[in-house]
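Heads up: the structure comes next, in structure tokens.
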Amino acid sequence: MKRNLVGMSLLAAVMAAPTLQAQNLGERIEVGVFGQYTKMDKEIRIDDAFGVGGRLGMSVYKWLGIEGDIQYAKTKAARNPFEDITYRPFRGLGTLTIPVTPGKKASLILGAGYAQQVFAGRVTANEYEDAFTGLVGLKICGSGKWGLRLDGLMDYDPSPQEQPLDGTSQQLGLRAGVSYALRGACASAEQFDWALKMDPASATVNRGSERQFALSAADLKTRPIELRKVQNLTCSSSDPSVATVDNTGKVTAVKAGTATITCKGLVKKIERMASSTVTVPPPAWTLTLDPRSGSTDVGKTLSFTSKATDADNVDLGAITWSSSNASVASVNNGTVTCNAAGTATITVSKTAYGSSKTETASVECKALPAARVAFDTTLFQFDKAVVLKAGNDTLKVIVAAMKANPNMRISIEGHTDWYGSEAYNNTLAKSRSEAVYKQLLRVAGKDANSIKDRILWSSFGEQCILVRNGDTEQEPPPARRPRVSAANRAAQAANRRVEIWQVLEGQGAPTGCRSESERAGRRSFGDLVK
């Protein structure tokens, strides 16, 4: 009995020793049954035994564990009095489990500890024997809690009680059995893995500013891992033009945009990484247009300026220009050309930093007054419809203006004074208008065909009187008109004329006399040639 107590104390010490580091104590608890063949040392003179047994095991720390088993077998003594013996050994071992295949489906188990061998029924000496025990086993696990165990054992007794044995004894055992995990899985020994974390997962950092991201590491049970134990810890940016980062996770915003910050490192040759998203918002920016309105005559230009700049006064580049009505006012990079009378809206637009802005200005294009020239007494003789030679110089100017302006049209309009009958004056005015038309084509020469379809001609007789002083102030003139004196012939010279007018866009041949405002604003055909 004394030996029994000593043995139990030794077993308790063996089983308790690993618990000094029992961080994984009880993570896996396993039971099993087995059949065992035991070859007895011949010196103890007991027949070999075959029996069954049970096992209880528990994880202690990482791959370390403790295990206890008990066996039951019947055998006989091999010497007189050949008693029947019940072989009932009990073992307590500390174990080391070593995975030998990927996924830890198969593991090598090494164990050592204390065995108390009980030979119940033996009449010689003490039936209890204290021994050291060792185990080499192979554990093969399925996908769940069940597994297969194959073990080889040796019990070493340094001082057996069998008489007259003087020395040691060794029992060898071979066992096979199954195991079942009451807690955890068959291959539930802890598999190391870890995770790297960046905090926050996303952040907005203003351009030119810095932000320190927090890096942390932990194993699968969220137990912290010191960053100094993370090897080759490096951080990088998916777009350094947007944001840069150092290996501590400090981010510097460079320009507007989005970048992914990724940090990675190694722990026990396992690489893990973490990432965060950095958004750099665009700076404030403005779009200007100057002036905001303008007006000029048709055919002339206006200058506008536009600029887009950000909060740092950085020029954001080219501006897009457009006109609401290019037929009235067209625009090219700030230069507005008035093409026809009317109004138009000039728009500038710019897209920068992911947003768009527009500004507008109004433009008024004013119609130019029509060009006009009159063939009066310097070009016509009294009561005649023949263009004098002096009028050819004026006609040359008109031809030049029509050549310089391929779309320009003109109107030739004949007039008389109110002396003579109305019918006579109508015929005379028409003759004068036709004479000017024909002379104009003669002056044009080879260019006549390019201008003749742009010439309108008509006559108004005495309808459009310009000078009222004469022999009578009556209107309309009396049926019997007085004779024209030499003095009044000169006074009425302005009425005896052919006028040539520029026909403006949208206009046709006149149906009545020209208004005072038209006459007041008229221009010279020479202006159209310059």
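The values are calculated or read from the model by the stated rules, or taken from the named source; none is laboratory data. Source: prediction; values computed, not measured. With ideal geometry, Cβ positions are generated from the backbone for all residues, glycine too; neighbour counts draw on all protein chains shown. Side chains are part of the model used for accessible areas, which takes the heavy atoms of the whole protein and leaves out ligands, DNA and RNA. Shrake-Rupley method; radii C 1.70, N 1.55, O 1.52, S 1.80 Å.
Observations on the structure shown:
- The lone exception for Val399 - which of (1) modelled with pLDDT of 85 or more; (2) part of a strand (DSSP E or B); (3) within 27 Å of Leu440 (Cβ to Cβ) it fails: (2)
- Matching residues, segment 206-236, being under 29 Å from the mean Cα position of the chain (by Cα) and either part of a loop (DSSP other than H, G, I, E, B) or under 15 Å from Val280 (Cα atoms) (or both): Asn206, Arg207, Gly208, Ser209, Glu210, Arg211, Gln212, Phe213
- Filtering Gly142, Gly147, Gly167 for residues that are loosely packed, with under 14 Cβ neighbours inside 10 Å, in contact with a Cys (Cβ under 9 Å, 6 or more places away or on another chain) and in contact (Cβ under 8 Å) with a residue 24 or more places away in the chain leaves a single hit, Gly142.
- Which numbered condition Ser238 fails, given (1) over 30 Å from Arg79 (Cα atoms); (2) touching a residue at least 24 places away in the same chain (Cβ under 8 Å); (3) open to solvent by less than 70 Å² (accessible area, probe 1.4 Å); (4) of a type in the set (Gly, Ala, Ser): (3)
- Qualifying positions in segment 395-436 - surrounded by 21 or more Cβ atoms within 10 Å (Cβ to Cβ) and polar (S, T, N, Q): Ser411, Thr416, Asn425, Ser433
- Each residue in segment 282-304 was checked for being open to solvent by less than 60 Å² (accessible area, probe 1.4 Å) and within 35 Å of the chain's Cα centre (by Cα), and 5 pass.
- Contact map, segment 86-100: residues that are within 16 Å of Gly53 (Cβ to Cβ) paired with residues that are part of a loop (DSSP other than H, G, I, E, B), Cβ distance under 6 Å, separation 6+ or inter-chain. Pairs shown: Thr86/Gly121.
- When the test is whether a residue is surrounded by fewer than 18 Cβ atoms within 10 Å (Cβ to Cβ), among the charged types (D, E, K, R) and at positive phi, Lys307 does not pass it.
- Residues in segment 316-352 that are surrounded by fewer than 16 Cβ atoms within 10 Å (Cβ to Cβ) and either under 23 Å from the mean Cα position of the chain (by Cα) or over 18 Å from Ser303 (Cα atoms) (or both): 3 in all.
- Restricted to segment 250-264, and to residues there that are surrounded by fewer than 23 Cβ atoms within 10 Å (Cβ to Cβ) and in contact (Cβ under 8 Å) with a residue 60 or more places away in the chain, the residue that is farthest from Ala352 (Cα to Cα) is Lys264.
- All of (1) closer than 28 Å to Lys403 by Cβ; (2) at pLDDT 75 or above hold for Arg496 with one exception: (1).
- Of the set (1) assigned to a loop (DSSP other than H, G, I, E, B); (2) at pLDDT below 85; (3) surrounded by fewer than 17 Cβ atoms within 10 Å (Cβ to Cβ), all apply to Gly470 but (3).
- The strands (runs of 3 or more DSSP E) found wholly in segment 290-384 and carrying at least 2 residues that are at pLDDT below 95, out of contact with any Pro (no Cβ under 9 Å at 6 or more places or on another chain) and among the charged types (D, E, K, R) occupy 355-366.
- Inclusion of Ser324 among residues that are in contact with an Asp or Glu (Cβ under 9 Å, 6 or more places away or on another chain) and of a type in the set (S, T, N, Q) is not warranted.
- Summed over segment 505-530, the residues that are open to solvent by less than 40 Å² (accessible area, probe 1.4 Å), under 22 Å from Gly414 (Cβ atoms) and outside any helix (DSSP H, G or I) give a count of 3.
- Qualifying residue in segment 440-449 (condition: in a loop (DSSP other than H, G, I, E, B), touching a helix residue (DSSP H, G or I) at 6+ places or on another chain (Cβ under 7 Å) and open to solvent by 10 Å² or more (accessible area, probe 1.4 Å)): no
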